[in-house]
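Please read the structure below before turning to the comments.
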Amino acid sequence: MWIGCAQLLEFRNYRTLSWRPAPRLNVVTGPNAQGKTNLLEALGLLITGRSFRTSRIAEIPRWGTETTTLTGEVLRGETRRTLRRALTRLEDGTWQTTGEPAPEWARAIAFGWQDLEIVNGGPSARRNFIDGFAGRLYPNHIPTLLRFRQVLARRNRLLQSRPHDAGLAERLGPWNEQFATVGMELLGRRRKAVAALQTELARVYAALSAAQSKVEIRYRTALGEAAEPAALLAALERSQREETRRGQTVVGPHRDDLAIEIDGVDARAFGSRGQQRLTALALRLAEMLPVSEAAGTAPVLLLDDALSELDPVVREHVLREIQSAEQVFLTTPDAPTVDGAAVFQVNGGSVTPA
Ligand SMILES: Nc1ncnc2c1ncn2[C@@H]1O[C@H](COP(=O)(O)OP(=O)(O)OP(=O)(O)O)[C@@H](O)[C@H]1O
Ligand SMILES: [Mg+2]
């Protein structure tokens with residue numbers, strides 16, 4: 001799939017912009033703070049309805065404005081669909097998102113600075129990564145995740161409010177059942193997502209790194225290989241004392257993690273800065289093939305500053321690897337020369353062919 005055109009109205013530092021990117025590689029260049037990342041954020045929001053940069057909608061509309069509008073067109077073969085998203089400030093000061101949802105085949109994969117967290121941050125960054133990826137593969141994943149979070153919150157509230165109540169076990173009962181069922185569903189899809197990523201990750205990282213290093217990821221859970229809700233129920237049972245003492249649910253997929261290793265050692269503890277950045281980028285690029293297969297068309301790649309901190313050899317490898325994608329947006333302060341790329345210059349919220 002590809003984005004044929006996009007219009008931004010009052011989006012961050014863009015007052016108004018009408019842009020026709022190229023169907024393949026778009027290099028978006030310009031000095032710092034001109035709107036390169038903002039432009040990629042807008043394209044991502046147009047397709048997915050979410051910003052890859054922030055979960056706070058209020059930051060997005062241009063300062064002092066009450067409405068942001070994004071429109072555009074996505075194409076897949078002969079099919080052409082118009083997209084529209086609007087963010088509007090309501091009287092009570094909250095922001096409302098409206099628009100027409102993108103077609104079910106439309107996907108975007110974004111890479112940005114915040115992705116370094118997947119490699120060197122805490123477990124929640126890795127859980128968010130795998131949930132985001134699983135969401136692009138399996139339409140039910142995000143609804144399951146939201147349901148799981150609801151059940152978890154209910155359980156935790158019960159554990160916090162009545163820690164010494166004799167009736168607590170009885171009141172937890174129905175929540176335990178749901179927690180185990182939804183929790184195992186979530187865990188099962190995360191495992192499938194990791195399995196779908198493994199081979200591609202190894203291939204992509206070896207292709208990008210100058211040293212032909214090997215990267216591996218594994219799903220880490222206290223539940224071992226268990227796949228049945230009964231296993232999670234039993235684990236809840238075993239941790240009852242600790243749960244009541246701490247007032248929270250101590251076992252389940254909300255405590256899981258991913259192990260990421262470069263040549264057999266933990267990337268978080270031992271990876272160099274460049275290796276960590278390359279691993280984060282490789283994770284995103286490795287999503288491409290499984291997501292293409294799931295969606296029936298290649299996703300749009302939004303690569304924000306993907307070349308920085310990488311040495312010249314690795315940069316070349318990255319540029320070669322993304323040639324196999326369909327539509328790519330690559331921001332960089334210093335434009336590389338890439339055969340066949342359309343180069344655009346961003347300056348103070350305007351975009352011109354370079
Ligand atoms: N809601 C907003 N309204 C108006 N301007 C905004 C808003 N949010 C951010 N900006 C402006 O956008 C500018 C940054 O744009 P962006 O992050 O896209 O820069 P960039 O071109 O990617 O720069 P760099 O090369 O440093 O990454 C900021 O300097 C900020 O002033
Ligand atoms: Mg930027």
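Of the trypsin sites (Lys or Arg not before Pro) in region 9-77, the ones in a loop by DSSP (not H, G, I, E or B) with at most 10 other beta carbons within 10 Å are Arg56.
Only DSSP H runs of four or more residues enter the estimate; each adds -39500 (n - 2.57), and after division by the residues of the chain the mean residue ellipticity at 222 nm equals -14000 deg cm²/dmol.
For region 1-82, the list of chymotrypsin sites (Phe, Trp or Tyr not before Pro) that fall in a loop by DSSP and count at most 12 other C-beta atoms within 10 angstrom reads Trp63. Karplus-based coupling profile of region 44-59, in residue order and whole Hz: x, 5, 4, 7, 9, x, 9, 8, 7, 9, 8, 9, 9, 4, 4, 6, with θ = phi - 60° in 6.51 cos²θ - 1.76 cosθ + 1.60 and x standing for Gly or Pro. About its Cα centre, the dipole of the chain is roughly 640 debye, where the only charges are +1 on Lys and Arg Cβ and -1 on Asp and Glu Cβ.
Kirkwood analysis of the Cα pair distances in region 264-354 returns a hydrodynamic radius of 14.8 Å. For the chain, the equivalent ellipsoid derived from the Cα gyration tensor has semi-axes of 38, 26, 18 Å, listed largest first. A DSSP coil position with no more than 11 other Cβ atoms inside 10 Å describes the following GluC sites (Glu not before Pro) in region 214-264: Glu225.
Computed from the coordinates by the stated procedures, all read-outs in this text should not be read as laboratory data. Note that the coordinates shown come from a computational prediction; the quantities given were computed from them, not determined experimentally. With ideal geometry, Cβ positions are generated from the backbone for all residues, glycine too; neighbour counts draw on all protein chains shown.
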